[in-house]
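Okay, so here's the structure we're looking at.
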Amino acid sequence: MHIHEAVLSGSPAGLAVLGAGIVATVVGTAIGLRRLHDEQLPRVAVVTAAFFVVSLIHVPLGITSAHLVLNGLVGLLLGWVAFPSLLVALLLQALLFGHGGLLALGINTLTMALPAVICYYVCGSWVAGLPRGRAIAAAFLAGALGVLGGAVLTAGALWIAGEEFTLLARAVVAFHLVLAVVEGLVTGSVVLFIRQVRPELFALALHAPAYR
């Protein structure tokens, strides 16, 4: 779901999207950093590395691309810390592989991290507190909601950038309707495993202090 900076930098509307993405990502990252405390760092590092590796497997889709995101799972485990976590992963991808470019780092982070935070608020308490079956269903919802939210935001950015990208924006959403099912199944499987070996990880995300 990376958008290359060249796509958005070609029009005033696209530049406005780039600017809005940077501002929103700075705000989200600031909130995430204020909620991050030292004992969370190993967990954040593992989640960031997992996202980095998984999202390197790309399916080309015109001038954008699709891949497993797992941002719903990132949100369940990290809450607002998803912003700095995903920012670091996407920065490394931009520097090492040129995915998206540095100018699009803000909007690309926003399209993945904002749905992650929404999943945290919508599904986090269900995954942590419901019985096993309903918790897995909530995890499936988080996985699907995360990737669909990212697809809608990406499509919106493309649509704002120019009418010539309208068809591509629709294709991005349509493709991710299928991917959402895969994301939901993978997220549900991972949540099931974590609930068996480290169930406190979800509770830690929910009760992380708002400030240091």
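The values are calculated or read from the model by the stated rules, or taken from the named source; none is laboratory data. Everything numeric here is computed off the predicted structure, so don't read it as measured data. Cβ coordinates were reconstructed from backbone atoms using ideal geometry, including for glycine residues, and neighbour counts include every protein chain displayed.
Remarks
- Test result for Ala174, surrounded by fewer than 23 Cβ atoms within 10 Å (Cβ to Cβ), small (Gly, Ala, Ser) and out of contact with any helix residue (DSSP H, G or I) (no Cβ under 8 Å at 6 or more places or on another chain): yes
- Consider the range 85-110 and keep the residues that are more than 18 Å from Val54 (Cβ to Cβ) and in contact (Cβ under 8 Å) with a residue 12 or more places away in the chain. The one that is surrounded by the fewest Cβ atoms within 10 Å (Cβ to Cβ) is Leu102.
- Scanning the range 142-172 for residues that are closer than 19 Å to Gly14 by Cα and under 16 Å from the mean Cα position of the chain (by Cα) yields Gly150, Ala151, Val152, Leu153, Thr154, Ala155, Gly156, Ala157, Val172.
- Tally, over the range 5-37, of residues that are of a type outside the set (A, V, I, L, M, F, W, C), surrounded by 17 or more Cβ atoms within 10 Å (Cβ to Cβ), under 21 Å from Asn71 (Cβ atoms) and over 17 Å from the mean Cα position of the chain (by Cα): 2
- Checked against the criteria, Gly133 does not count as at pLDDT 95 or above and either farther than 18 Å from Leu86 by Cβ or touching a helix residue (DSSP H, G or I) at 6+ places or on another chain (Cβ under 6 Å) (or both).
- Any hit, the range 136-150, residues being more than 19 Å from Cys119 (Cβ to Cβ), aliphatic (A, V, I, L, M) and either in contact with a Cys (Cβ under 6 Å, 6 or more places away or on another chain) or surrounded by 16 or more Cβ atoms within 10 Å (Cβ to Cβ) (or both): no
- Matching entry among Arg134, Arg170 (being basic (Lys, Arg), assigned to a helix (DSSP H, G or I) and free of Cβ contacts under 8 Å to residues at least 12 places away in the same chain): Arg134
- Residue selected from the range 111-131 under the condition of a type outside the set (Gly, Ala, Ser) and free of Cβ contacts under 8 Å to residues at least 40 places away in the same chain, by the criterion surrounded by the fewest Cβ atoms within 10 Å (Cβ to Cβ): Pro131
- Out of His67, His99, one residue alone is modelled with pLDDT under 85 and within 12 Å of the chain's Cα centre (by Cα). It is His67.
- Some residue of the range 26-44 being without any contact (Cβ under 8 Å) to a residue 12 or more places away in the chain, of a type outside the set (Ser, Thr, Tyr) and within 20 Å of Gly150 (Cα to Cα): yes
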